[in-house]
Amino acid sequence: MTVRSLDGHRTAVAEALAPGPVLDVLLGDTAGATLAEDLIASQAMPAVPIAARDGYAVASADVAAAHPGAPVRLPVSHDVSFDSRSPRRHVPRAAARIPSGAPVPMGADAVVALADTDQGVARVGIAHSVHPGDGVRPAGFDATAGDVIVRAGTRIGPRQIAVAAALGRSRLHVRPVPRVVIMAVGDELVEPGAVRPGGGVPESTTHMLASLVLETGAKAYRVGAVSDDPLRLRSTLEDQLVRADVMITTGGLSDGVHDTVADVLARMGGFEAVDLQLRPVGRHGLGTISAGSRDIPVIALPGAPAGAALAFEAYVRQALRALCGHPDVERPVFRARVRKTWVVPPGLVTAMPVVVDHQDHDLPAVTPVGADALALTDLARADALVWSGPQESVVHPGDIVECTAWGG
């Protein structure tokens, strides 16, 4: 058994989850991944002025006198197309039919909307005047050459994919989405809503952890409750290796004869059970499972939902966000004034959930929940965490503390 400080364990977990190489991925497969390069415009977007609407390209001066009672009639010189052989120069005192997105012929400075014309083919009647630039997207409207459009570290979604496609990128350099398999170990556990003879404990921890994993940007695969039986546990772990980049287990770590996680994981690769200097107290662990050419890191968390949630916040969340490639791995911090006393015991880092109840002058006020014993319902009520210790101290009403925002 290893006794470890929170800082030491956080470092060990971060090293176990060190990001792998950046991948060159087809654009259509990048959704959810993290961009590992800046997306830079190599030229102006668009490179030339383009029509912002379907209509007729004109010189605005040629239709300055147009109004509904006396439309200006112009010959239609040609149809503008996207073909490079299409005429690129405007014919004076004429109009050119143009579709949205097509390059505006040189010499034209506006596009008259179809609705403001009689949509003529050989000649067109234009019922409204236009100003220079009307109906035209100028060169560089979206970006100028050298602009950083999307920065490295951005999680790729539909909008970023659209920008990359507009830049002509068919592939991107990305940090892939880590796949995290989550399972709870214990014969007493049952799925929520399930019944069995003799009762059971509804399994809630992995439901919570799956949501927390998704929040980091990783992909969560929740297995649910797994038996303590060593053969069944090993079989389940082996079955999950094909889709796991990281595995998280909860429970099964105490010194009881029925708790088998440490022994099974040690036989499958290597495992170290850890008594962590973190309050609320619980057994933790870190190891690997050998899977052919890969070693899959395994993080073992306490089985109690409160202990697992605070452990995840203490050292798992940051490591997963770094694995995803996010530049910001910490939650936002804010200052608040304390409403109620709590004690920080010596030798332990204390994670105190707090409720933000209302403003106190220029600062929000916070009240601790579960100061004596943390219940699952306290987690549901908490808005933030206050980290204290390992030095012994007493937090008094009126003290100013730093809080990490907690929530989606």
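The values are calculated or read from the model by the stated rules, or taken from the named source; none is laboratory data. These figures come from a predicted structure and were not determined experimentally. FYI the Cβ positions are ideal-geometry reconstructions off the backbone, even for glycines, and counts take in every protein chain you see.
A few notes on this one:
- Yes/no for Asp83 being at pLDDT below 95 and acidic (Asp, Glu): yes
- Residue satisfying all of: in the stretch 1-20; touching a residue at least 12 places away in the same chain (Cβ under 8 Å) and of a type in the set (Ser, Thr, Tyr); nearest to Leu310 (Cα to Cα) among these: Ser5
- Qualifying residue in the stretch 323-346 (condition: part of a helix (DSSP H, G or I) and at pLDDT 90 or above): yes
- Odd one out for Tyr315 among (1) surrounded by 17 or more Cβ atoms within 10 Å (Cβ to Cβ); (2) touching a strand residue (DSSP E or B) at 6+ places or on another chain (Cβ under 7 Å); (3) in the same structural domain as Val242 (by TED's automatic domain parsing): (2)
Per-residue answers, yes or no, for (1) β-branched (Val, Ile, Thr); (2) in contact with a Phe, Trp or Tyr (Cβ under 9 Å, 6 or more places away or on another chain); (3) surrounded by fewer than 18 Cβ atoms within 10 Å (Cβ to Cβ):
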site: Pro19; (1), (2), (3): no, no, yes
site: Pro49; (1), (2), (3): no, yes, no
site: Val76; (1), (2), (3): yes, yes, yes
site: Asp79; (1), (2), (3): no, no, yes
site: Ala94; (1), (2), (3): no, no, no
site: Arg97; (1), (2), (3): no, yes, no
site: Val104; (1), (2), (3): yes, no, no
site: Gly107; (1), (2), (3): no, no, yes
site: Ala113; (1), (2), (3): no, yes, yes
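- Filter result for Gly32 (over 29 Å from the mean Cα position of the chain (by Cα) and surrounded by 14 or more Cβ atoms within 10 Å (Cβ to Cβ)): no
- Within the stretch 103-117, residues that are in contact (Cβ under 8 Å) with a residue 12 or more places away in the chain and in a helix (DSSP H, G or I) sit with their Cβ atoms under 8 Å from residues that are of a type in the set (A, V, I, L, M, F, W, C) and surrounded by fewer than 22 Cβ atoms within 10 Å (Cβ to Cβ), at 6+ positions apart or across chains, in these pairs: Asp116/Ala127.
- Some residue of the stretch 349-367 being outside the structural domain of Asp275 (by TED's automatic domain parsing), closer than 22 Å to Glu272 by Cα and of a type outside the set (Asp, Glu): yes
- Restricting the first member to the stretch 186-212 and to residues that are free of Cβ contacts under 8 Å to residues at least 60 places away in the same chain, and the second to residues that are part of a loop (DSSP other than H, G, I, E, B) and of a type in the set (Lys, Arg), the beta-carbon pairs closer than 8 Å and six or more apart or on different chains are Val190/Arg196.
- In the set (1) exposed (fewer than 15 other Cβ atoms within 10 Å of the Cβ); (2) more than 26 Å from Val242 (Cβ to Cβ), the condition left unmet by Asp134 is number (1).
- Whenever a residue of the stretch 252-271 is farther than 20 Å from Ala304 by Cβ, its partners that are loosely packed, with under 14 Cβ neighbours inside 10 Å, lying with C-beta atoms within less than 8 angstrom and at least six residues away or across chains, give the pairs Asp263/Pro230; Val264/Pro230; Met268/Glu238; Met268/Ser290; Gly269/Ser290.
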